[in-house]
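Have a look at the structure below, then the notes.
Read the figures in this text as sums done on the coordinates, not as results from a lab. Please read these numbers as outputs of a predicted model, since none were measured by experiment. Positions of Cβ are generated from backbone atoms using ideal geometry, with glycine treated the same way; all protein chains shown enter the neighbour counts.
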Amino acid sequence: MDVLNVEYMLGLVPVLLRYLPLTLQLAGIGMVLALILACLFAVVRVLRIPVLNQFTIVFISFFRGTPLLVQLFLFYYGLPQLFSALTVIDGITATVMGLTMHFSAYMAESIRAAIVGVDRSQTEAALSIGMTNGQLMRRIVLPQATRVALPTLMNYFIDMIKATSLAFTLGVTELMGATQKEAAGSFLYFEAFIVAALMYWIVVELLSKLQNYLETRLNKAYNR
Amino acid sequence: MKTLLINTLLIISLFAGAPALAQENSLRVGMSGQYFPFTFVEQDKLKGFEVDVMNALGKEMGRDIQYETANFSGLFGMLQSGRIDTVANQITITDERKKAYVFSDPYVYDGAQVVTKKGNTEVQSVEDLKGKTVAVNLGSNFEALLTELPYADQITIKTYESNLERDTALGRVDAFVMDRVSASQIIKDKPLPLELAGPTFSQITNAYPFHDTEAGRSLRDEVNKALAALRDNGTLTTISQKWFGTDITKP
């Protein structure tokens, strides 16, 4: 067995750290956009708004039913072939578009489930004391739904951070792309990829801490 | 309201014009960054034979070279969709590719080489690949070369994005096929137990592919002129000697 080249690993840390911000940006922007889209879809599905409801069902079906990598290739390499003006979509934009649509499809369903899961008696009670539909949503249903949806949404965010590692296939050098190129130069694959793995892991671990904190806060009303 | 509209349109046209502007004074070159010693990264710096030749060409042409790195399997997609002007990644001229692109003059002459794990006595030449599993890079020309062999149906071909050298050293495949010069260089420079198996079995000539459009052809002509100049003044030979200790830029 070869000896682990620790010196090489340590030297790689500052190099790879330069690419971590891009990874986080891809996932961060993707998450915000996906959340907005997912909320819209969930509302459309819960209220069964005609036409939009059918569109949403097909959208979710497609983006949940095809691999993310296929979607990224479609956006980045496929669309410009049909419409050459779409060449302006660069790798970063295509990645964010892909992440947004792919994960919004999943998230819409878990947000919808959380809204539907709020007990009917809550709605009835709110209406009986004269709340409007808007007040009912804002004050009663959404706060309870948020608490239920939070763990799964954080799960998707964690998944999205790791999914950014596909971006190098579109020429976006993020953490994974940088690691692959360094490994190809040194042939020290284990060393290079273990450094990258640790970086992803630490980021996700920090997010789990944030999740715990948020959950504790949202659960306050239920603790005695 | 009207000025807002005009401003918006101006901004949009500015963005729309951006790629075209970039094209005028810089050459957008795609490479994998994962093909030692042609293109690879060390401490965040893109290096290799391809980078040196391209930089020399850029200087000769008076153009900035803008490097775009992506996995090899994505490079032709980027070329096809107009995001890069050419690919500098040891692209071998083939009939198939000539249908879609116009090629510059060749700048590397090489041969296909079988490489095995050190001490492999079963595979000594390309004929011994019968019944064996052979690794090639995904989308590379070496896959096509193997399928053209008369006993191709007896060879199991495994395609890789990268790391095929490591997998051969681990014994997951019986051999890999690559160009002779980079295979020799990997064996010399890197800590992998590999060896060349027999002589090269097919001549390959590598060049830069360009879009088959007026703009693409004129870029190609410009590159050809610069290539000829670098050939005449010895720059190509010097760069080749630096990386390989031999001149691979002459037939």
Fill in the blank from the handout: Note on the protein assembly as shown, DSSP bridge orientation, antiparallel percent to nearest 5 equals 60
Exercise for the section: Compute the acute angle (0 to 90°) between the alpha-carbon long axis of helix B:49-61 and the principal axis of greatest extent of the alpha-carbon atoms of chain B; round to the nearest 10°. Expected result: 30
Problem - Net charge, residue B:44 excluded, C-beta distance under 12 Å - Lys, Arg +1, Asp, Glu -1 - result: +2
Exercise for the section: For helix B:235-244, report the angle its Cα long axis makes with the longest principal axis of the Cα atoms of chain B; keep it between 0 and 90° and round to the nearest 10°. Expected result: 40
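Report the far tail of the P(r) of chain A, meaning the percent of Cα-Cα pairs longer than 34 Å.
Details: 7284 of 24976 pairs.
Cα-Cα pairs in chain A separated by more than 34 Å: 29 percent.
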Exercise for the section: Rank the residues B:162, A:128 as a footprinting-exposure proxy: fewest other Cβ atoms within 10 Å of their Cβ go first. Expected result: A:128, B:162
Practice task
Determine the alpha carbon to alpha carbon distance for each of A:181/B:132; B:98/B:225; A:162/B:158; A:181/B:45; B:130/B:158 and list only those over 18 Å.
Solution key: A:181/B:132; B:98/B:225; A:162/B:158
Fill in the blank from the handout: In the range B:81-154, the GluC sites (Glu not before Pro) that sit in a DSSP loop and have at most 10 other Cβ atoms within 10 Å of their own Cβ are B:148
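If the viscosity is 0.692 mPa s and the temperature 37 °C, what Stokes-Einstein diffusion coefficient in µm²/s follows for the range B:167-251 when Rh is the Kirkwood radius over Cα pairs?
On the way: Rh = 15.7 Å.
It diffuses with D of about 209 µm²/s by this estimate.
How compact is the range B:109-204 by the rule of thumb for globular proteins, expressed as Cα Rg over 2.2 N^0.38 Å?
Numbers: Rg = 11.8 Å, N = 96, 2.2 N^0.38 = 12.5 Å.
The reported ratio for this selection is 0.95.
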Exercise for the section: In debye, nearest 20, what is the charge dipole magnitude of the range B:109-204 about its Cα centre with +1 on Lys and Arg Cβ and -1 on Asp and Glu Cβ, if you could check? Expected result: 300
Problem - Stokes-Einstein translational diffusion, the protein assembly as shown - Kirkwood Rh over all Cα pairs, 1.002 mPa s, 20 °C, in µm²/s - result: 84
Practice task
Exposed loop trypsin sites (Lys or Arg not before Pro) only (DSSP loop, at most 15 other Cβ atoms within 10 Å): please give the longest stretch of chain B free of them, not including the sites.
Solution key: B:1-117
